[in-house]
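The values are calculated or read from the model by the stated rules, or taken from the named source; none is laboratory data. Since the model is a prediction, treat every value here as computed from it, not as a measurement. Here the Cβ is made from the backbone with ideal geometry for all residues, glycine too, and neighbour counts use every protein chain on show.
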Amino acid sequence: MRPFACDMVLIEDGKILLIKRGREPFLGQWATPGGRIEEGETAEECARREMKEETGLDVEIIKLTGIYSDPKRDPRGIIAAAYLVRRVGGAVKGGDDAAEAKWFELGKLPPLCADHGKIVADALAQLGQMK
């Protein structure tokens with residue numbers, strides 16, 4: 001059975017919040033915040049918990065932006081549900097396995113690990129459709 005995780009896309013004022021990975025795989029690379037689901041947890045609970053642990057922020061889910069299941073997306077074989085989220089509290093600080101949390105202008109993103117560029121592009125496309 002392949003592991004399941006949640007990734008979150010948070011966009012505010014033309015900027016996106018990314019984390020720098022503090023562990024392998026992808027150590028030192030930029031990614032959307034996220035992590036593995038825990039026993040007895042829903043995907044939505046996982047998304048809120050991981051966002052708090054990695055960025056210090058409390059969020060609410062706006063919508064599911066996609067399921068990412070390509071077996072080659074991550075060396076651990078993780079399947080990810082990605083959510084577009086909105087901040088409802090907290091202050092940005094890297095934590096847990098995120099070495100850093102930082103805002104980037106949407107037009108000036110650093111290279112992202114795995115398929116996180118696709119996750120961001122899909123979220124932006126859906127955000128455009130929501131307006």
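Tabulated values for the structure
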{"quantity": "Residues of the range 79-94 classified as of a type in the set (A, V, I, L, M, F, W, C) and under 13 Å from A43 (Cβ atoms), total", "calculated": "5"}
{"quantity": "Scope the range 45-58; condition in contact (Cβ under 8 Å) with a residue 24 or more places away in the chain, among the acidic types (D, E) and in a helix (DSSP H, G or I); matching residues", "calculated": "E50, E53, E54"}
{"quantity": "Residue within the range 9-26 that is touching an Asp or Glu at 6+ places or on another chain (Cβ under 9 Å), small (G, A, S), outside any strand (DSSP E or B) and surrounded by fewer than 17 Cβ atoms within 10 Å (Cβ to Cβ) present", "calculated": "yes"}
{"quantity": "Residue, surrounded by the most Cβ atoms within 10 Å (Cβ to Cβ), within the range 65-88, restricted to residues that are touching a helix residue (DSSP H, G or I) at 6+ places or on another chain (Cβ under 6 Å) and among the hydrophobic types (A, V, I, L, M, F, W, C)", "calculated": "A82"}
{"quantity": "I79 within 14 Å of the chain's Cα centre (by Cα) and within 15 Å of H116 (Cβ to Cβ)", "calculated": "yes"}
{"quantity": "Pair list, Cβ < 6 Å and 6+ apart or interchain, from the range 82-110 residues that are closer than 17 Å to I62 by Cβ to residues that are of a type in the set (K, R)", "calculated": "L84/K63"}
{"quantity": "Single residue of the range 89-113 satisfying the filter (over 17 Å from I16 (Cα atoms) and either surrounded by 19 or more Cβ atoms within 10 Å (Cβ to Cβ) or touching a helix residue (DSSP H, G or I) at 6+ places or on another chain (Cβ under 6 Å) (or both)) that is modelled with the lowest pLDDT", "calculated": "D96"}
{"quantity": "Failed criterion for G66 (all others in (1) part of a loop (DSSP other than H, G, I, E, B); (2) more than 25 Å from E100 (Cβ to Cβ) hold)", "calculated": "(1)"}
{"quantity": "Unique match (being small (G, A, S) and in contact with a strand residue (DSSP E or B) (Cβ under 6 Å, 6 or more places away or on another chain)) among G66, G107, G77", "calculated": "G66"}
{"quantity": "Any hit, the range 85-95, residues being under 18 Å from F4 (Cα atoms) and of a type outside the set (A, V, I, L, M)", "calculated": "no"}
